[in-house]
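Student: Sharing a structure, written as structure tokens. Questions coming.
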Amino acid sequence: MFFRCNSDEVALFVRIRGTVITRMYLVLLAYILYVSAILVLHHRVYPLGIFNNIIGVLGIIISLLLGFRTNLAHSRYNEGRKVWSNLKTTIRSIARTIWVFAPTNSTRDIVNKKSAINLLDLFCYSLKHYVREEYADAESDLQPMIQSVPKFEFHSKNNPKESMLAKFDSALACQFNPPTNIPNEIIYQLTIYARTTLANNPSLSPALWRSVNGGITTLESILGEVEALQRTPIPVCYSSHLSHAFWIYLLAMPVRSLLIG
């Protein structure tokens, strides 16, 4: 049987973006220089030695610590996947309800309806950039979507505390202070849309719009869960122990390899 190399596997092998290579190459070069210095010192100056038990004990400790960190990383990834799946389901539910039951008695109602639907789509992309700490609204994938919301005007700011100034220039007619993040701003505007639409159309079922408000509340809960996943650090004692054991292991490994050789 001949070995077949999948193009996806090759792409993953040569992939650099999103990996730690760009952040670790200087450390790797420094470690190579350290190993070279140990080799020269051992052969030309003084033979080096180290207790055999140190490497074995450190290896066991590092394996336990790395196993815990791997489980923690997989747990966070799995939790993020569940949150994103919940986000898609919630947005589909809200969009379906607004598109089917929102009134279209006037041109302004149609524009507001489309604006609310576009905001739901914009929420996903803005949440992605918010998690990446990209607070400006001038991102390449955000601009076309922001322009597709005709009743909102966004102004780009690089400072997260002055991230966006939006003006809802429609039947809702409200103006407010700059928010700290775009997803939270979108939740605020969707809440205003649901409340004003129900107030201007008494014939609509309150239970129907309570479901919309429930979906908006779910979006707010998802935003909080994403912030918790992003901003909850690994315990300092664990990170400190792992860093100390790992560097002692790396610094002692060249000497141990010389003894084996």
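Student: For residues that are more than 30 Å from TYR238 (Cβ to Cβ) and of a type in the set (Phe, Trp, Tyr), scanning just region 53-108, find the one that is least open to solvent (accessible area, probe 1.4 Å).
Tutor: Step by step, filter region 53-108, then rank; the result is PHE101.
Student: For region 206-232, which residues satisfy the criterion of being polar (S, T, N, Q) and either in contact with a Phe, Trp or Tyr (Cβ under 6 Å, 6 or more places away or on another chain) or in contact (Cβ under 8 Å) with a residue 24 or more places away in the chain (or both)?
Tutor: Matches in region 206-232: SER211, THR218, GLN230.
Student: Could you give me the residue pairs with C-beta distances under 8 Å whose first residue belongs to region 104-129 and is closer than 19 Å to GLU185 by Cα and touching a residue at least 40 places away in the same chain (Cβ under 8 Å), whose second residue is hydroxyl-bearing (Ser, Thr, Tyr) and open to solvent by 30 Å² or more (accessible area, probe 1.4 Å) wherever it lies, and which are 6+ apart or on separate chains?
Tutor: These pairs meet every condition: HIS129/TYR135.
Student: Looking at (1) surrounded by fewer than 17 Cβ atoms within 10 Å (Cβ to Cβ); (2) in a helix (DSSP H, G or I), can you tell me which one ILE234 breaks?
Tutor: (2)
Student: Would you call ASN78 within 16 Å of GLY224 (Cα to Cα) and assigned to a helix (DSSP H, G or I)?
Tutor: In short, no.
Student: Could you please let me know if SER156 is surrounded by 13 or more Cβ atoms within 10 Å (Cβ to Cβ), modelled with pLDDT under 50 and within 15 Å of ASN112 (Cα to Cα)?
Tutor: Values: surrounded by 13 or more Cβ atoms within 10 Å (Cβ to Cβ): yes; modelled with pLDDT under 50: yes; within 15 Å of ASN112 (Cα to Cα): no.
Criteria not met by SER156.
Student: Being modelled with pLDDT of 85 or more and open to solvent by less than 80 Å² (accessible area, probe 1.4 Å) narrows it down to one residue among TYR135, TYR130, TYR125; which is it?
Tutor: So the residue among TYR135, TYR130, TYR125 that is modelled with pLDDT of 85 or more and open to solvent by less than 80 Å² (accessible area, probe 1.4 Å) is TYR130.
The values are calculated or read from the model by the stated rules, or taken from the named source; none is laboratory data. On a predicted model such as this, the values are computed, not experimentally measured, just so you know. Every residue, glycine among them, receives a Cβ derived from its backbone with ideal geometry; neighbour counts consider all protein chains shown. We work out accessible area using only protein heavy atoms, side chains counted, and drop any ligands, DNA or RNA first. Shrake-Rupley method; radii C 1.70, N 1.55, O 1.52, S 1.80 Å.
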